[in-house]
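Trainee: Take this structure, written in structure tokens, and hold onto it; I'll ask about it next.
Every read-out reported here was derived from the displayed coordinates using simple, explicitly stated rules and does not represent laboratory data. Note that the coordinates shown come from a computational prediction; the quantities given were computed from them, not determined experimentally. Please note: Cβ atoms are built from the backbone with ideal geometry, for glycine as well, and neighbour counts cover all protein chains shown.
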Amino acid sequence: MAACSLFQASPCSLNPKSKSLHQNPRNHRHYLSIRSCTSSPPSSDASITNHSSSKSTSPKHHRRPADENIREEARRHHTSDNNHGFSAKYVPFNADPSSTESYSLDEIVYRSSSGGLLDVQHDMEALKKFDGEYWKSLFDSRIGKTTWPYGSGVWSKKEWVLPEIDSDHIVSAFEGNSNLFWAERYGKQMLGMNDLWVKHCGISHTGSFKDLGMTVLVSQVNRLRKLNRPVVGVGCASTGDTSAALSAYCAAAGIPAIVFLPANRISIAQLVQPIANGAFVLSLDTDFDGCMQLIREVTAELPIYLANSLNSLRLEGQKTAAIEILQQFDWEVPDWVIVPGGNLGNIYAFYKGFQMCKELGLVDRLPRLVCAQAANANPLYLHYKSGWGEFKPVKANSTFASAIQIGDPVSIDRAVFALRNSNGIVEEATEEELMDAMSQADLTGMFICPHTGVALSALIKLRNSGIIGPTDRTVVVSTAHGLKFTQSKIDYHSKEIPDMACRFANPPTNVKADFGSVMDVLKKYLLSKNH
Ligand SMILES: Cc1ncc(COP(=O)(O)O)c(C=O)c1O
Ligand SMILES: N[C@@H](CCOP(=O)(O)O)C(=O)O
């Protein structure tokens with residue numbers, strides 16, 4: 001196979017013009033003293049500091065005794081965990097203010113009584129007892145630490161996520177806190193932009209943003225099982241990333257995971273993840289929408305907890321990526337945030353994270369949201385173009401952005417709400433556009449997935465039409481690690497894709513292993529770089 005021979009060769013590259021990659025220069029974290037907050041925090045590193053200085057006998061002042069692990073240390077501090085009575089419950093999504101329907105998060109419920117979506121509603125009045133400065137200081141104080149569970153980017157915002165869960169029940173891989181990458185060369189050369197950023201949510205435990213939601217969902221399942229609720233296992237339908245995250249977190253907690261995958265429609269790297277993590281993997285002869293339908297029917301019959309984003313718990317974790325972006329900009333709001341969309345939970349999660357920061361006084365406005373879809377699986381785009389008329393699911397066609405090959409997204413109502421309330425836009429990308437965008441980004445030092453290519457294509461279109469300006473601070477959300485999608489890159493760089501020019505392909509040069517031949521090709525290459 002040509003794709004194999006491409007990668008058997010040993011490509012030699014030399015690019016004297018390439019610049020070093022820069023990290024966020026504005027990312028000066030303010031480790032503000034918690035003691036300067038308007039009131040004492042619910043649980044902070046301050047209590048740890050006090051403890052270690054009083055208990056430790058070591059001259060190095062270790063914060064915990066050598067025979068204590070971080071979970072035990074958290075248990076010792078448990079009394080301060082939620083002494084402000086923060087709480088959350090399920091309510092019907094976008095319900096009429098007069099609705100009194102609600103459910104405890106300890107109930108197993110995914111739909112409202114009328115069959116609509118649910119949302120996790122926090123007791124905002126309790127959270128508002130603390131001002132924006134307080135929350136910023138608290139969240140900033142927890143970054144980069146190993147304190148259980150706040151070392152996680154998700155659980156560093158625990159009061160806004162699952163305030164009532166016992167830290168002891170949390171299943172975490174210290175996910176989140178992902179890199180916000182300044183796309184200096186890509187922004188400047190491709191788009192004339194100086195303030196373009198890529199939020200690398202895929203540089204994560206299982207290689208996608210799903211970890212952010214799955215730590216929350218599996219933690220709640222862990223709690224339910226400790227409460228002796230009838231949860232025998234956790235299940236999902238997946239295009240490859242949800243299944244990987246579910247399997248890893250369940251394996252960490254010793255909970256059975258069951259995953260429904262559309263046969264031959266996910267990458268090998270994604271398929272091997274749940275297999276390696278010991279999940280029960282069903283490969284089904286249908287597409288993702290078919291798998292989703294089946295898992296919904298199965299979880300209605302068996303005591304298997306549903307892990308897809310239909311379950312609003314997931315979005316509580318995913319929304320922390322939005323809070324993190326604000327935090328990484330020292331609580332300045334970017335102008336645009338571009339998110340690739342499939343089942344459409346994530347675009348709402350971003351909206352919710354930004355909206356909570358606004359409502360609780362951490363920032364004063366929302367960014368404009370853009371949801372980007374593959375043209376081969378574009379039900380939201382068509383809905384947007386129809387002026388939000390009647391929503392019609394589509395049959396999703398094959399796309400290199402295989403994780404968003406979804407025609408009947410469960411969170412369509414959430415996505416429409418998020419976009420309408422953020423002056424949002426929906427864009428689409430053809431296969432050639434998304435693969436070219438991905439490959440061009442890679443050529444500036446990234447290694448992104450095709451879904452991020454979809455988001456970059458949307459950016460290119462909005463920049464070319466002048467909707468996004470050259471100095472607009474713009475964040476593209478990268479949703480998965482490029483290493484999960486190497487076959488698409490192999491196909492592209494082998495120029496093996498029918499009807500695609502693969503303009504930015506960079507195949508290796510096969511050369512005889514003698515000095516003269518090597519010198520000849522090197523000279524030709526160097527000349528081509530210096531004309
Ligand atoms: C890599 C990747 N990007 C984007 C998405 C889209 O996220 P959502 O389904 O929340 O719209 C998914 C999953 O659907 C995904 O796995
Ligand atoms: N891309 C997803 C599709 C399912 O999305 P979910 O957020 O509803 O679980 C996947 O990786 O499975």
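Trainee: Does anything in the range 435-468 have its amide N under 13 Å from the 7 Å Cα→Cβ label point of Ala501, and if so which residues?
Mentor: 436-437
Trainee: Separate question: Hey, what do the phi angles of the range 183-197 turn into as Karplus ³J(HN,Hα) couplings, whole Hz, using 6.51/-1.76/1.60 and θ = phi - 60°, x for Gly and Pro?
Mentor: 7, 4, 6, 4, x, 5, 6, 8, 10, x, 10, 10, 9, 9, 10
Trainee: Right, here's the next one. Hey, with R₀ at 22 Å, roughly what FRET efficiency would Asn397 and Ile268 work out to, going by the Cβ-Cβ distance, to 0.05?
Mentor: That gives a FRET efficiency of 0.55.
Trainee: Beyond 17 Å, what percent of the Cα pairs of the range 337-416 remain? Each step should come with its number before you reach the end.
Mentor: Details: 1484 of 3160 pairs.
Here the tail beyond 17 Å accounts for 47 percent of pairs.
Trainee: In addition: Indicate, rounded to the nearest 5 percent, the antiparallel portion of the DSSP beta bridges found entirely in the chain. Spell out each step's value before the answer.
Mentor: Details: 13 of 43 bridges.
Of all bridge pairs located within the chain, approximately 30 percent are antiparallel.
Trainee: Let me ask something else about it. What's the extension gain from Asp67 to Glu133 if we count 0.36 nm per residue and subtract their Cα-Cα distance? Write out the running numbers ahead of the final one.
Mentor: On the way: separation 66, 0.36 × 66 = 23.76 nm, distance 3.67 nm.
Computed gain between Asp67 and Glu133 is 20.1 nm.
Trainee: Still on this structure: Roughly speaking, what is the centre-to-centre gap between the range 344-392 and the range 238-291 when only Cα atoms are used, to the nearest Å?
Mentor: 27
Trainee: Under a Cβ-Cβ cut-off of 11 Å, what is the net charge of the residues other than Ala307 that fall near it, where Lys and Arg count +1 and Asp and Glu count -1?
Mentor: Numbers: positive: Lys210, Arg314; negative: none.
Residues near Ala307 contribute +2 overall.
Trainee: Quick one: which residues, 5 or more positions from Arg368 or on another chain, have an amide H under 5 Å from its amide H? H modelled 1.01 Å from N in the peptide plane, none for Pro or chain starts.
Mentor: Those lying under 5 Å, H to H, from Arg368 are Trp336, Val337.
Trainee: So, in nm, how far is label Lys524 from label Leu483 when the simple model puts each one 7 Å beyond its Cα toward the Cβ?
Mentor: 3.4
Trainee: Okay, helix-only estimate at 222 nm for the chain: each DSSP H run of n ≥ 4 adds -39500 (n - 2.57), divide by all residues, round to 500 deg cm²/dmol; what do you get? Intermediate values should be presented prior to the final figure.
Mentor: Values: 20 runs with 202 residues, N = 531.
The helix contribution divided over the chain gives -11000 deg cm²/dmol.
Trainee: Run through the range 363-424 and list the chymotrypsin sites (Phe, Trp or Tyr not before Pro) located in a DSSP loop whose Cβ has at most 12 other Cβ atoms within 10 Å.
Mentor: Of the chymotrypsin sites (Phe, Trp or Tyr not before Pro), the ones in loops of the range 363-424 whose Cβ has at most 12 other Cβ atoms within 10 Å are Trp388.
Trainee: Which entries in the list Lys358/Lys392; Lys210/Lys489; Lys395/Lys495; Lys210/Lys529 go over 30 Å, if you measure between the two C-alpha atoms of each?
Mentor: On the way: Lys358/Lys392 33 Å; Lys210/Lys489 22 Å; Lys395/Lys495 28 Å; Lys210/Lys529 41 Å.
Lys358/Lys392; Lys210/Lys529, as the Cα separations exceed 30 Å there.
Trainee: Let me ask you something else. Give the lysines whose C-alpha is closer than 18 Å to that of Lys89, dropping any in the same chain fewer than 8 places away, or say none.
Mentor: Lys128, Lys157, Lys158, Lys319, Lys352
Trainee: List the pair-distance distribution P(r) of the chain, using every Cα-Cα distance, as the percent of pairs falling in each 10 Å bin from 0 up to the bin containing the longest distance, rounded to whole percents.
Mentor: With a bin width of 10 Å, the distribution comes to 4, 18, 28, 26, 15, 7, 2, 0, 0.
Trainee: When only C-alpha pairs under 8 Å and at least 6 residues apart count, what is the relative contact order of the chain, in percent? Each step should come with its number before you reach the end.
Mentor: On the way: 1006 pairs, mean separation 78.2, N = 531.
Reported relative contact order: 15 percent.
Trainee: Here is a further query. Looking at Phe447, Val216, Thr479, which one has the Cα that reaches farthest to the positive end of the dipole of the chain (charges on Cβ: Lys, Arg +1; Asp, Glu -1)?
Mentor: Comparing the listed Cα positions along the dipole, Phe447 ranks first.
Trainee: For a protection proxy built on the mean count of beta-carbon atoms within 10 angstrom, sort 183-190, 279-286, 156-163 highest first, please. Display every interim value, and only then the final one.
Mentor: Details: 183-190: 19.6, 279-286: 15.9, 156-163: 24.4.
Put in order of decreasing packing, that is 156-163, 183-190, 279-286.
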